[in-house]
1. Suppose the filter is more than 15 Å from the ligand (Cβ to nearest atom) and modelled with pLDDT under 95; does Leu146 pass it?
2. Please give the number of the condition Ser153 fails out of (1) over 28 Å from Glu44 (Cβ atoms); (2) under 20 Å from the mean Cα position of the chain (by Cα); (3) touching a residue at least 12 places away in the same chain (Cβ under 8 Å).
3. May I ask you to list the residues in the range 7-30 that are among the acidic types (Asp, Glu) and surrounded by 14 or more Cβ atoms within 10 Å (Cβ to Cβ)?
4. Kindly indicate whether Phe109 is among the aromatic types (Phe, Trp, Tyr) and free of Cβ contacts under 8 Å to residues at least 24 places away in the same chain.
5. Quick check on the range 67-82: of everything there that is β-branched (Val, Ile, Thr) and more than 15 Å from Phe13 (Cβ to Cβ), which residue is nearest to the ligand (Cβ to nearest atom)?
6. Inside the range 100-124, can you point out the residues that are surrounded by fewer than 11 Cβ atoms within 10 Å (Cβ to Cβ) and either more than 9 Å from the ligand (Cβ to nearest atom) or part of a helix (DSSP H, G or I) (or both)?
7. If you go through the range 67-85 one residue at a time, do you hit one that is farther than 29 Å from Ala42 by Cα, hydrophobic (A, V, I, L, M, F, W, C) and in contact (Cβ under 8 Å) with a residue 40 or more places away in the chain?
8. Name the residue, out of Ile21, Ile90, Ile47, Ile76, that is modelled with pLDDT under 95, under 17 Å from Tyr163 (Cα atoms) and out of contact with any Asp or Glu (no Cβ under 6 Å at 6 or more places or on another chain).
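The values are calculated or read from the model by the stated rules, or taken from the named source; none is laboratory data. Quick caveat: nothing in here was measured; it's all calculated off a predicted structure. So basically every Cβ, Gly included, is an ideal-geometry build from the backbone, and we count neighbours across all protein chains shown.
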Amino acid sequence: MKAIVIYNSQTGFTKRYAQWIAEETKAECLELSAAKKKDLSACEVIIFGGWARGGSISKINWFKSNMDKWTDKKLIVFCVGAGPIDNPEIEPALKQNFSDTELEKVNLFYCPGGINYEKMPVSSKLMMKMFLNMLTAKKNKTDTELEMIKMLSTSYDISDKKYIEPILQCLKK
Ligand SMILES: Cc1cc2nc3c(=O)[nH]c(=O)nc-3n(C[C@H](O)[C@H](O)[C@H](O)COP(=O)(O)O)c2cc1C
């Protein structure tokens, strides 16, 4: 099956997952700006990865605007975020990016990434700081919020190649 992995990544975690998937599937791996210039009609599988951005998947609108053209293809989307995989809020949050009709056509996955303040643009660093300040100022914080404050205070990496396994399984179906 001819597959392509397309990604949008700000600090490198999504790129790393895209490369892992491409290596395992022998697929071509392209950054979104390069993929936009490419004719994807011969691809049987399109795998798109974006990072979690305030509950949305980065650049998902590009993917969704092309879905109508891709009715003959297997479609996979993976989102890379800062949280661990066992957070029950992840699945509903990911699904919110799609309509019910779109959800019937797309296979959705989550991969834990991390935070890399060193590679983050200033605008993103500011947004993270504002989010952290808001959380810190909150009264009666839940355990999850306290944990989040601790995690987001510094860079960390919880990415692992094992998280691409469900995606590889989906490709075999
Ligand atoms: C402005 C901003 C908003 C973010 N929102 C979320 C979020 O809603 N959920 C989450 O899990 N991670 C969130 N993150 C963290 C990134 O998704 C995470 O760092 C991811 O690993 C980045 O992937 P990348 O290295 O490919 O850019 C946010 C990061 C930034 C800068």
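1. On the way: more than 15 Å from the ligand (Cβ to nearest atom): yes; modelled with pLDDT under 95: yes.
The answer is yes for Leu146.
2. It fails just one condition, (2).
3. Of the range 7-30, the ones among the acidic types (Asp, Glu) are 23-24, 28.
Selection gives Glu24, Glu28.
4. Values: among the aromatic types (Phe, Trp, Tyr): yes; free of Cβ contacts under 8 Å to residues at least 24 places away in the same chain: no.
Considered against the rule, which asks whether it is among the aromatic types (Phe, Trp, Tyr) and free of Cβ contacts under 8 Å to residues at least 24 places away in the same chain, Phe109 comes out as no.
5. Taking the range 67-82 as the starting set, the residues that turn out to be β-branched (Val, Ile, Thr) are 71, 76-77, 80.
Those still in the list that are more than 15 Å from Phe13 (Cβ to Cβ) too: 71, 76-77.
Details: Thr71: 28, Ile76: 17, Val77: 14 Å.
Across the range 67-82, the extreme among qualifying residues is Val77.
6. Taking the range 100-124 first, the residues surrounded by fewer than 11 Cβ atoms within 10 Å (Cβ to Cβ) are 100-101, 104, 118, 121-123.
Within the range 100-124, Asp100, Thr101, Glu104, Glu118, Val122, Ser123 meet the criteria.
7. Keep residues of the range 67-85 that are farther than 29 Å from Ala42 by Cα, which gives 81-85.
Within this subset, residues satisfying the condition of being hydrophobic (A, V, I, L, M, F, W, C) are 82, 85.
Pick out the ones that are also in contact (Cβ under 8 Å) with a residue 40 or more places away in the chain and you get 82, 85.
Checking the range 67-85: at least one residue is farther than 29 Å from Ala42 by Cα, hydrophobic (A, V, I, L, M, F, W, C) and in contact (Cβ under 8 Å) with a residue 40 or more places away in the chain.
8. Numbers: Ile21 fails: modelled with pLDDT under 95; Ile47 fails: modelled with pLDDT under 95; Ile76 fails: modelled with pLDDT under 95.
Exactly one residue qualifies, and that residue is Ile90.
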